[in-house]
1. Which pairs do you get when a residue that is in contact (Cβ under 8 Å) with a residue 12 or more places away in the chain and assigned to a loop (DSSP other than H, G, I, E, B), found in the range 841-853, comes within reach of a residue that is open to solvent by less than 60 Å² (accessible area, probe 1.4 Å) and of a type in the set (Gly, Ala, Ser), reach meaning Cβ atoms under 9 angstrom, with the pair 6+ apart or on two chains?
2. Give the residues of the range 70-94 that are open to solvent by 20 Å² or more (accessible area, probe 1.4 Å), farther than 24 Å from Tyr247 by Cα and either touching a helix residue (DSSP H, G or I) at 6+ places or on another chain (Cβ under 9 Å) or part of a helix (DSSP H, G or I) (or both), sorted by residue number.
3. Hey, among Ala349, Ala319, Ala333, which residue is surrounded by 12 or more Cβ atoms within 10 Å (Cβ to Cβ) and within 14 Å of Val283 (Cβ to Cβ)?
4. Can you pull out the residues in the range 599-623 that are under 15 Å from Ile667 (Cβ atoms) and assigned to a loop (DSSP other than H, G, I, E, B)?
5. For the range 849-862: of the residues being at pLDDT below 95 and of a type outside the set (S, T, N, Q), which is surrounded by the most Cβ atoms within 10 Å (Cβ to Cβ)?
6. Take Lys775 and decide whether it is touching a helix residue (DSSP H, G or I) at 6+ places or on another chain (Cβ under 8 Å), open to solvent by 50 Å² or more (accessible area, probe 1.4 Å) and at pLDDT below 95.
7. What about Arg626, is it part of a helix (DSSP H, G or I) and surrounded by fewer than 21 Cβ atoms within 10 Å (Cβ to Cβ)?
8. For the range 105-112, state whether one or more residues are at pLDDT 90 or above, crowded, with 17+ Cβ neighbours inside 10 Å and over 28 Å from Thr174 (Cβ atoms).
Amino acid sequence: MSEVKPLYELLQLELGKKNIEKTELPNCIAGNLNPAFPMRPYQQKAFQFFLNYWQETFDGKPRQNHQFLFHMATGSGKTLMMAGLILYLYEQGFRNFLFFVNSTNIINKTRDNFLNAQSGKYLFAESVSFGDKRVRVREVENFQAANQDDINIVFSTIQGLHMSLNTPREDSLTYDDFEDQKIVLISDEAHHINADTKKGQPTQDEMFEVMSWEGTVERIFRAHEDNLLLEFTATVDLTDENLAAKYKPKLIFDYPLKEFRKDGYSKEVKVLQADLQPFDRAVQAVLLSQYRRKIFEKNKKHIKPVILFKSKTIKESQAFFEEFRDGIQGLQASTLDAIRSKTTDTTLAKMFAYFTAHNITMENLVIELKEDFAEDKLISVNSKEESEAKQLAVNSLEDERNEFRAVFAVDKLNEGWDVLNLFDIVRLYDTRDSKAGKVGKTTMSEAQLIGRGARYCPFQLSDDQPLYGRKFDADLDSELRVCEELYYHSAYNPKYIQELNTALQELGIKAKETRERKIRLKDTFKATSLYKAGHIFLNNQQKYDRADIDGLDGSLINQRHKVLLRTGYTKSTVAFETGDVDKAGTERKSKDYDLLSFGIPIIRKATQRLDFYEFDNLKRHLPKLRSMIELITSERYLGKIKLEVSGLPEQIENLTPDEKLDAATQILDAIAGVIASDKVEFKGTKSFKPYMLKEKFTDKTLNFALDDNGDREFGRSMNDAGETTYHLDLNKRDWYVFDDCFGTSEEKLLIQFIDKRYDDLKKKYSDVYLIRNEKYFKLYNFDDGRPLEPDFVLYLVGKEKQDTMHYQVFIEPKGSHLLKADEWKEKFLVSIKASFEIEQLFTNKKYAVWGFPFYNSESRDMEFTGAFETLLA
């Protein structure tokens with residue numbers, strides 16, 4: 001039997017991956033989500049898959065109970081996805097949404113994200129609007145009396161939903177709510193509703209039993225043929241045959257924790273074993289937490305690291321709370337000195353060295369810890385009542401006004417706990433439940449907790465750094481690296497740690513292997529004049545003020561915008577529908593109009609219906625616009641806009657004022673979406689400035705996470721013939737400035753290419769050096785300021801006596817699977833040669849900056865070799 005393919009794979013086969021990735025997000029999503037949460041690439045991709053499936057499958061066709069599964073890692077922003085899908089489906093005619101999950105904690109958090117505009121995690125824009133209509137997002141108890149102009153959401157636990165439907169009471173949801181109106185069901189942590197599916201084939205009695213959670217959801221889902229079920233989970237076990245059969249045909253997007261980590265969106269997880277009593281291990285965690293806080297403060301970041309102390313029972317947790325509270329208040333400097341003298345861990349050694357270098361004595365540190373970890377900064381969330389009473393506090397640990405530094409719990413903070421500034425988890429017990437080589441349930445639960453804690457705590461030191469991603473994988477020596485790491489503190493128990501690492505690898509939280517590798521600049525290169533006094537020329541990113549925009553894009557002005565009249569109202573298709581006959585067979589005709597022929601008053605009234613056309617907002621997008629009259633009448637703006645209006649013959653020959661107003665409103669709304677989608681905020685300068693080479697390039701320690709399906713060469717030494725397929729002894733190549741290369745296969749092949757052509761280069765140039773860019777510098781795309789980090793820069797110094805040429809050539813080897821996705825990088829690199837500007841300030845030297853097409857040994861050899869030959873001409 002052939003294996004069932006996931007829905008997203010079928011969609012790629014049908015439409016092509018490239019076509020899907022070109023899909024623009026509609027303004028109803030992009031314009032109505034909170035701009036404080038910029039969309040990440042994988043979130044955009046998830047929307048693109050859904051939009052393509054929707055448009056291909058449902059465009060004018062019945063839906064018949066469609067179900068979709070979004071399998072997305074913990075911390076990847078599933079709730080933002082839900083908000084965006086709610087907005088899109090509202091525009092598609094849905095008004096009622098049922099959100100359900102198994103946990104009251106998640107209900108409260110999601111309610112806050114959707115409804116509380118004062119919350120720092122509110123997901124919608126300040127004003128939600130569709131065309132000329134502002135829309136409220138509101139909570140309702142049921143859908144019977146819901147306002148059909150609003151986005152109506154019922155929030156419920158699975159258990160509460162099951163109870164209210166099967167034992168109905170006044171004003172609660174009943175099955176009647178679902179029979180006469182279409183509803184979108186949104187299931188978070190969806191693996192909890194599969195109690196029946198996992199059982200396999202039900203008995204005849206079970207087939208009639210619809211009183212289970214899954215049965216209740218299924219009955220709601222089938223109550224109306226247009227109902228949709230959107231399921232979200234980070235943990236669906238597709239190795240289970242029953243779950244695979246149910247979910248693979250519905251799996252619209254798959255972004256597991258492994259990919260989330262590889263893309264840099266999680267903290268790096270470290271397990272710190274210590275043969276110490278629980279309190280002493282706790283003190284180690286406290287020291288590490290305080291060290292992190294100092295590193296953040298040194299870099300002007302107001303981030304408060306938090307510790308979780310995890311016990312096995314509530315009684316043990318309460319007892320340790322008291323032991324910790326009293327132990328911290330009685331802490332002595334001698335205790336910290338004892339930890340310092342015994343530690344063999346490199347991070348702890350680096351921490352104590354930092355304290356010494358910054359004159360932080362153990363006595364002063366004790367005073368700090370007694371204040372920062374005083375009883376009023378400790379919180380226990382164990383019993384149900386205690387947890388609910390303090391839920392607000394533990395869900396707002398990132399807020400500046402929240403001063404809690406340590407949380408004590410058993411398992412109340414497992415699913416749904418959304419905290420980013422958790423950096424240490426201390427396991428206060430030392431038991432195992434693994435048997436026969438299989439990971440035990442408790443160990444897997446602990447690994448899942450680590451996964452939740454591993455969400456990245458966002459910070460950046462400069463605008464060109466990723467806010468939500470790791471920055472120091474290529475610089476483990478940076479003091480800020482510890483701010484990208486989650487430490488799991490455990491008793492010394494090698495068997496348990498082995499089992500935990502297996503669980504972490506299964507979940508994708510840890511790579512199967514990590515390697516730390518050092519690269520060093522060769523002494524021979526450090527002795528050169530290039531290193532001592534030479535420069536690297538780089539461009540900068542600058543804010544784009546849009547000052548060069550003096551009208552609408554020509555594509556908007558020159559296209560004919562189609563409007564379809566339907567018995568008194570109009571609908572802009574934007575995608576330009578075709579066809580002259582409606583479904584009922586009514587004859588339709590089309591007629592062209594100039595928008596301006598509708599009259600200035602009507603167009604002005606249409607702009608007043610749309611928030612986008614408020615003049616202050618227009619000026620942000622069209623800075624040279626002087627007035628609304630200019631917008632409406634000027635040929636550079638709306639003055640030449642043409643419409644093709646389709647409708648009944650008697651309609652299109654004599655449009656009423658209302659029809660003109662509706663047509664104008666719809667077209668202006670479509671144009672607004674196109675203008676708003678141009679979100680270029682930065683440009684890359686064409687001016688390249690000099691930076692001292694010796695200040696940019698240094699020795700480094702690199703971190704390589706090695707996973708299945710990755711490049712086999714990644715992290716392997718090029719010098720070591722036993723490690724690599726592409727061996728070259730770089731110690732004997734003075735032209736390569738580092739002592740080794742640990743890059744990908746294409747990067748090593750590029751080095752071999754240069755090695756073969758080195759003698760040719762030396763015939764023309766006095767100096768030839770190839771430098772690997774291990775996140776030492778960035779360039780910025782001219783068009784939109786996007787940063788990129790070319791893998792290599794080739795330095796060539798000519799032999800001219802006068803005006804000696806100095807070439808700096810940026811080179812990017814690229815794997816075949818990335819050639820299409822990174823086309824923009826290649827386009828930018830190739831454009832540098834004709835666009836760069838350098839102020840030639842140096843006597844008897846002339847500088848040129850070039851970029852080459854991608855190097856790819858399989859399919860780009862001709863293009864790259866052709867560009868390379870220009871250096872020898």
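The values are calculated or read from the model by the stated rules, or taken from the named source; none is laboratory data. All of these numbers come straight from a predicted model, not from anything done at the bench. Note that we place each Cβ from the backbone using ideal geometry, even for glycine, and neighbour counts take in every protein chain shown. In case anyone asks, the SASA skips ligands and DNA or RNA and just uses the protein heavy atoms, side chains included. Shrake-Rupley method; radii C 1.70, N 1.55, O 1.52, S 1.80 Å.
1. Phe852/Ala867; Pro853/Gly866; Pro853/Ala867
2. Glu91, Gln92, listed by residue number.
3. On the way: Ala349 fails: within 14 Å of Val283 (Cβ to Cβ); Ala319 fails: within 14 Å of Val283 (Cβ to Cβ).
Of Ala349, Ala319, Ala333, the one residue that is surrounded by 12 or more Cβ atoms within 10 Å (Cβ to Cβ) and within 14 Å of Val283 (Cβ to Cβ) is Ala333.
4. The answer is Gly599, Arg609, Leu610.
5. The residue in question is Arg860.
6. Details: touching a helix residue (DSSP H, G or I) at 6+ places or on another chain (Cβ under 8 Å): no; open to solvent by 50 Å² or more (accessible area, probe 1.4 Å): yes; at pLDDT below 95: yes.
The answer is no for Lys775.
7. For Arg626, the condition - part of a helix (DSSP H, G or I) and surrounded by fewer than 21 Cβ atoms within 10 Å (Cβ to Cβ) - is not met.
8. No, there is no match, as no residue in the range 105-112 is at pLDDT 90 or above, crowded, with 17+ Cβ neighbours inside 10 Å and over 28 Å from Thr174 (Cβ atoms).
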